Amino acid sequence: MNISEKIRTMSLFILFLVVSITVFFWFGGIRFIAQLPLPLPLRLALWASLLFALFFSPVLFYLRTLGHKGPLFDAMAWAGYTLMGAYSILICVVMLRDLGFGLVSLFLPATAKGHAAMELPVNPSRRGLIIDCINLGIAAATASLAGVGLLGGLKAPEVVTVTHPALKEGLKGLRIVQISDIHVSHTIRRPMVERIVSMVEELRPDLIVLTGDLVDGSVAMLKHDVAPLAALKAPLGTFFITGNHEYYSGVVPWIAEINRLGFTVLINSHRVLKHNGTSLVLAGVTDFHAGRLLPEHASSPKLALSGAPEDAYRILLAHQPLSFPEAKAENCHLTLSGHTHGGQYLPYTWVINLVQPWVKGLYEEEGYRLYVNRGTAFWGPPFRLGSPSEITLHRFE
């Protein structure tokens, strides 16, 4: 990465951090915690939880650089990410509350001076009671949604079966299992990886693909936790492509480690496989934005398919579904992606549609197919609500 790109990336990160902290403080703290009808010690405790949710991640990172690790740090991560998830739900609800109050103040005459978003057309004492009841209702709803989301995050992934037309006779019966976005980290450890491996083995796949974002952390930190993946075997092989989080975690050592586990890592390259005597091209590209961090890894479906037989059925592994237009241009019959998590949990399962043209499930355009896996685990907050984690079985008939 050149200096200008580093400055741009760092500037965007700092901007994102400042905006996030500001939004959390304003809507989570000033617009909500400060207005709750609770004793001061309880409100101070909530402020402390908000601060912990905001700043536990850099604290963990700093402690890890000093060589600290162990159950205490995993517990800190679980607590921090759970609180972060709860507050991210809360601020969305508080925004809606303020929007509602703002609309009321626009269309109905206010009866008392104060913050515009809090002016309701009732006398001051009744207005205060209504606001207190709404805020307590928001707190209860947020806690309930967070609890349900946490249970969803801890559940085993769903097995989703997707049927594709066997455009060539020899492809009939082909079974491809796709896993994606496991995000092995402080909160996703070896037992979860072992559960995923066991579920994949039960599906008896001919081919296994892992479409990126396996880890959040270094090889030294997570080598033991990803080790069960070495047990995955399939007649046509096991294949891996990089996601954006591999580049945040040290992509070069991770490629070496994933190769050591028995996976073939496709770096803008392809392999010609045979199923019942019929040729199948399996190509893989690096993450859509990899070139910003490692220029030699700039994503290129064209390069990945260079020299591939024109008459074979073509599958492209591309972590981000944004590669789909280029996949179609290269005559890829099927593109397998992940990255989006399907929004992971409410309300982001709705919000993600504003920034992603392909969010989850199967899409077909101009005769070409794209499947977006919702992720086999979770990232950050351990929540799944409205978008369950999945292992995908692609079956050709």
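Nothing in this text is a laboratory measurement; each read-out follows from the coordinates by a stated rule. Remember, predicted model here, so these are calculated numbers, not experimental data. Here the Cβ positions follow ideal geometry from the backbone for every residue, glycine too, while neighbour counts run over all protein chains shown.
From helices alone, the chain scores -14000 deg cm²/dmol at 222 nm; the rule is -39500 (n - 2.57) for each run of n ≥ 4 DSSP H residues, then divide by the residue total. By the combined test of axial Cα extent (at least 27 Å) and Kyte-Doolittle hydropathy (mean at least -0.5), the qualifying DSSP H helices of the chain come to 3-23, 40-65, 71-107, 124-154. Only one of (i) 23.8; (ii) 23.0; (iii) 22.1 was calculated from the structure for Kirkwood radius over Cα pairs in Å, and its label is (ii). When the listed pairs Lys274/Lys360; Lys233/Lys360; Lys172/Lys274; Lys172/Lys302; Lys223/Lys274; Lys168/Lys360 are checked against a 21 Å cut-off, the alpha-carbon distance exceeds it for Lys274/Lys360; Lys233/Lys360; Lys172/Lys302; Lys223/Lys274; Lys168/Lys360. When both bridge partners sit in the chain, DSSP labels roughly 35% of those beta bridges antiparallel.
Applying the criteria of a DSSP loop state and at most 15 other Cβ atoms within 10 Å to the GluC sites (Glu not before Pro) of region 307-389 yields Glu310, Glu366.
Please compute the contact order of region 130-242 in relative form: average sequence separation of alpha-carbon pairs under 8 Å and at least six residues apart, divided by the residue count, as a percent. In percent, rounded to a whole number, it is 27. Bridges between two residues of region 236-327, per DSSP, are antiparallel at a rate of about 50%.
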